[in-house]
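The values are calculated or read from the model by the stated rules, or taken from the named source; none is laboratory data. What you are looking at is a predicted structure, and each value in this text was computed from that prediction instead of being measured. We place every Cβ from the backbone using ideal geometry, glycine too, and count neighbours over all the protein chains shown.
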C-alpha cells in the first residue's frame, strides 16, 4: 500500500500545531504506561499501522511487556491489567467508537470509580488526540517507519 499524501507538507504548520497539542496533553501528568496502552488500543480499533508501530515500540522502551502488548486486543479476558487500566481501556474503546456507543453511563461511571474528574478529563484529551492522529494517518495511508 502506498502513502496517499504527505498531509503535513501540504498544510504547512499543521504538524507543529498537532505536536504542540500533543506536548500539552503529555504534560498533564497522565501515567505514561497507561497513556501508551490507550494509544495502542485506539490504534488497534482504528487500524492505524503507523501509530501501532510507533506506540508499541514506545511502550517497549518504557518497559511494557510483550505479553501485555499482545493481549491488549483481549484485555477484557486477560488478567494482566489493573482496574485503572481496564477502566481507561473501556473508556478508550467507547470514545473511539463514539458514533455507536455514545459513551454510556456504565463506562463513564467505571472510570469515575477509579479516576478523579481531572484524570478523566486528561484521559479524554489523550484518547481524542490519538484518534486524531489515527484518522489522519489512516486517511493519508501514512506508512510505518522501519
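Structure summary
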| read-out | value |
| --- | --- |
| Filtered residues of the stretch 26-43 (kept if surrounded by 19 or more Cβ atoms within 10 Å (Cβ to Cβ) and either farther than 14 Å from residue 88 by Cβ or over 13 Å from the mean Cα position of the chain (by Cα) (or both)) | 43 |
| Enumeration of residues in the stretch 94-130 that are at negative phi and in a loop (DSSP other than H, G, I, E, B) | 97, 104, 115, 116 |
| Count of the stretch 23-39 residues which are part of a helix (DSSP H, G or I) and touching a residue at least 40 places away in the same chain (Cβ under 8 Å) | 6 |
| Residue in the stretch 40-49 that is assigned to a helix (DSSP H, G or I), farther than 20 Å from residue 135 by Cα and out of contact with any helix residue (DSSP H, G or I) (no Cβ under 6 Å at 6 or more places or on another chain) present | no |
| Flag if residue 120 is surrounded by 13 or more Cβ atoms within 10 Å (Cβ to Cβ) and within 12 Å of the chain's Cα centre (by Cα) | no |
| Number of the condition not met by residue 84 [criteria: (1) part of a helix (DSSP H, G or I); (2) more than 14 Å from residue 119 (Cβ to Cβ)] | (2) |
| So residue 63, is it assigned to a loop (DSSP other than H, G, I, E, B), under 30 Å from residue 6 (Cβ atoms) and free of Cβ contacts under 8 Å to residues at least 40 places away in the same chain | no |
| The lone exception for residue 85 - which of (1) loosely packed, with under 11 Cβ neighbours inside 10 Å; (2) under 15 Å from residue 34 (Cα atoms) it fails | (1) |
| All positions within the stretch 66-80 that are in contact with a helix residue (DSSP H, G or I) (Cβ under 7 Å, 6 or more places away or on another chain) and in contact (Cβ under 8 Å) with a residue 12 or more places away in the chain | 69, 72, 73, 75, 80 |
| Which listed residue is loosely packed, with under 14 Cβ neighbours inside 10 Å and part of a helix (DSSP H, G or I), from 91, 15, 72, 19 | 19 |
| Flag for residue 83 being closer than 20 Å to residue 143 by Cβ and either at pLDDT 95 or above or within 14 Å of the chain's Cα centre (by Cα) (or both) | no |
